[in-house]
Amino acid sequence: VRTELEPIELEDGAAVPKEFANPTDDTFMVEDAVEAIGFGKFQWKLSVITGLAWASNDAMEMMILSILAPQLHCEWRLPSWQVALLTSVVFVGMMSSSTLWGNISDQYGRKTGLKISVLWTLYYGILSGFAPAYSWILVLRGLVGFGIGGVPQSVTLYAEFLPMKARAKCILLIEVFWAIGTVFEVLLAVLVMPTLGWRWLLILSALPLLLFAVLCFWLPESARYDVLSGNQEKAIATLKRIATENGAPMPLGKLIISRQEDRGKMRDLFTPHFRWTTLLLWFIWFSNAFSYYGLVLLTTEFFQAGDVCSISSRRKEVKAKCSLTCEYLTEEDYTDLLWTTLSEFPGVLVTLWIIDRIGRKKTMALSFFVFSFCSLLLFLCVGRNVLTVLLFIARAFISGGFQAAYVYTPEVYPTATRALGLGTCSGMARVGALITPFIAQVMLESSVYLTLVVYSGCCLLAAVASCFLPIETKGRGLQESSHREWGQEMVGRGSHSPGVTRSNSGSQE
């Protein structure tokens, strides 16, 4: 069945998209090719490499902070504000670089931006192990954070090679590598810290990045990016390579070249169609990081006090102690770190189960609501066992909400601004991570209940923001062009074969 197509005027030399092409032409888009080739051996390899990026470049480097801070506090006799600054400077580096890496990935390619950020983190991560004084390690860890800001671009590259039906599940499963990376870092610390010390821990933790840097040479550039930048031959070669590795046939016909666009421009995030989406996503990402890292800090405080109602009395006793009093991490502390990390696995599994059933927006809203509800239940002065259950449920869901945001954000933006959109959202998340210590630690000294209200209220607002997102990306293909006349929310066409007569299923707002 063929439908009549209305005539449309395009600029001189502009390629005609499939939705408006002559139905008798044998043409296809990159989206058609990705869907036709499907998920196979190539995507499995890409999954492992992308997972390695998350485990080595993000999880391990972030987990080091919870191990390095108490060690330097004791060894160098640092006051508490300098210990806190050692953590904050990493988030400052990540916040300042996230947008830059997104711009580089949109301008010069996803592979280029990812490779440079990994080499940057590797170099300064190893140098951190040779820091002679506090000022040196402060600067070097800030530079490490600057490199970590480019890690989200691995999700951009990964998502652009995934067929529609597998995209959400694969991106969520990649996040499992984050938890694996943190577990590996804790186990490495157990082996290294008692004998070799923190310097060797920093050096050995950076070595997995060297493996990823080598594997980067196997990574192809995104075919979607190549088409958008006018490199049709390279895009076809990449698609043929994927088809060969997967043992699937290439689509018949001619690959359509997208209209040439400016890439990586901040103004494109604030066009009338994307302005509201961008602002809501910024708040959602901010709330995610603000609540996630806040809960990590609160968990330690609550466990040390025994229950929420004992926080105030314990604080009064602590004030009488010397500020330089320190304790090295014990085997029990490392065990607690492992258990806390393992609580994220259920969150990913729950999100994996519901995200394709109720959609991305509702999944994020549900995660925020459950976190907020568990926070309010802490007002009841529950015992330690119930406290543990509530904290684990809260962390599982806020972690799952974070993963849902990683699925939704690359899907909602077009190829020309996809990396930049994800980068700016990641930058806003780092702002939340910067602010949360002042709430979870400083405000907690004044009022534990006010602290819980802040986190609960923020997540309730984020749940509402998730519901108000204009676009639901469930069941839709990745948008190639930012021009609305090309079909802003194109429905995925995975069930169709390019080159075969079909109805025009693209929707246009």
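The values are calculated or read from the model by the stated rules, or taken from the named source; none is laboratory data. Owing to the predicted nature of the structure, the values given are computational and were not obtained by experimental measurement. Cβ atoms come from the backbone with ideal geometry, glycine included; neighbour counts cover every protein chain shown. Just the protein is used for accessible areas: all its heavy atoms, side chains included, with ligands, DNA and RNA removed. Shrake-Rupley method; radii C 1.70, N 1.55, O 1.52, S 1.80 Å.
Observations on the model:
- The selection criterion, being modelled with pLDDT under 85 and on the phi < 0 side of the Ramachandran plot, does not hold for ALA131.
- Considering residues of segment 464-499 that are buried (at least 22 other Cβ atoms within 10 Å of the Cβ) and among the aliphatic types (A, V, I, L, M) only, the residue modelled with the lowest pLDDT: MET490
- In segment 144-168, the residues that are over 17 Å from ALA213 (Cα atoms) form Cβ pairs under 6 Å with partners that are of a type in the set (Asp, Glu), at six or more places apart or across chains, as follows: PRO163/GLU35; ALA168/ASP356.
- Considering PHE161, PHE212, PHE217, the condition of being open to solvent by 10 Å² or more (accessible area, probe 1.4 Å) and either within 15 Å of the chain's Cα centre (by Cα) or in the same structural domain as TRP54 (by the TED database) (or both) is satisfied by PHE217 alone.
- Residue match in segment 406-428 (condition: in contact with a His (Cβ under 9 Å, 6 or more places away or on another chain) and at pLDDT below 85): yes
- Residue selected from segment 26-82 under the condition open to solvent by less than 10 Å² (accessible area, probe 1.4 Å) and of a type in the set (Phe, Trp, Tyr), by the criterion modelled with the lowest pLDDT: PHE28
- Restricting THR244, THR182, THR238 to residues that are over 30 Å from ALA36 (Cα atoms), assigned to a helix (DSSP H, G or I) and polar (S, T, N, Q) narrows the list to THR182.
- Filtering CYS425, CYS459 for residues that are more than 24 Å from SER97 (Cβ to Cβ) and crowded, with 24+ Cβ neighbours inside 10 Å leaves a single hit, CYS459.
- Number of residues in segment 134-164 that are closer than 27 Å to VAL83 by Cβ, assigned to a helix (DSSP H, G or I) and either touching a Cys at 6+ places or on another chain (Cβ under 7 Å) or not β-branched (Val, Ile, Thr) (or both) equals 11.
- Matching residues in segment 83-132 - criterion: being small (Gly, Ala, Ser), out of contact with any Ser or Thr (no Cβ under 6 Å at 6 or more places or on another chain) and either open to solvent by less than 40 Å² (accessible area, probe 1.4 Å) or closer than 20 Å to ARG418 by Cβ (or both): SER88, GLY93, SER97, GLY102, SER105, GLY109, SER117, GLY125, SER128, GLY129, ALA131
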